[in-house]
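Down below is the structure, laid out as structure tokens.
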Amino acid sequence: MRLLSKILWFLAFLAATFIWMVLFEHGFSMQGFSKGVREEWQALSRMVTGAQTETTPAPAPTPPSKSKP
């Protein structure tokens, strides 16, 4: 039973941490919180499952232009 208690406390800690981070990053309004929970949960699930996100490659840097003084 002691192990179960520790597991439940750990899960409660993770849930509280997740909620606080969403509140601080996305705002203390219900709209910001609900949108933030969806965004952060998707990001967390992508991180855990290792799914790759589609990223567009950065454009190649352009060489500096040579101007005559």
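Every read-out reported here was derived from the displayed coordinates using simple, explicitly stated rules and does not represent laboratory data. Since the model is a prediction, treat every value here as computed from it, not as a measurement. Cβ coordinates were reconstructed from backbone atoms using ideal geometry, including for glycine residues, and neighbour counts include every protein chain displayed.
Pairs needed: first member in the range 7-22, closer than 19 Å to Lys35 by Cβ and free of Cβ contacts under 8 Å to residues at least 24 places away in the same chain; second member anywhere, among the hydroxyl-bearing types (Ser, Thr, Tyr) and surrounded by 10 or more Cβ atoms within 10 Å (Cβ to Cβ); C-beta distance under 6 Å; at least 6 residues apart or different chains.
none
So which residues in the range 29-53 are aliphatic (A, V, I, L, M) and surrounded by 12 or more Cβ atoms within 10 Å (Cβ to Cβ), if there are any at all? It would help to see each step written out before you state the result.
Of the range 29-53, the ones aliphatic (A, V, I, L, M) are 30, 37, 43-44, 47-48, 51.
Val37, the sole residue that qualifies.
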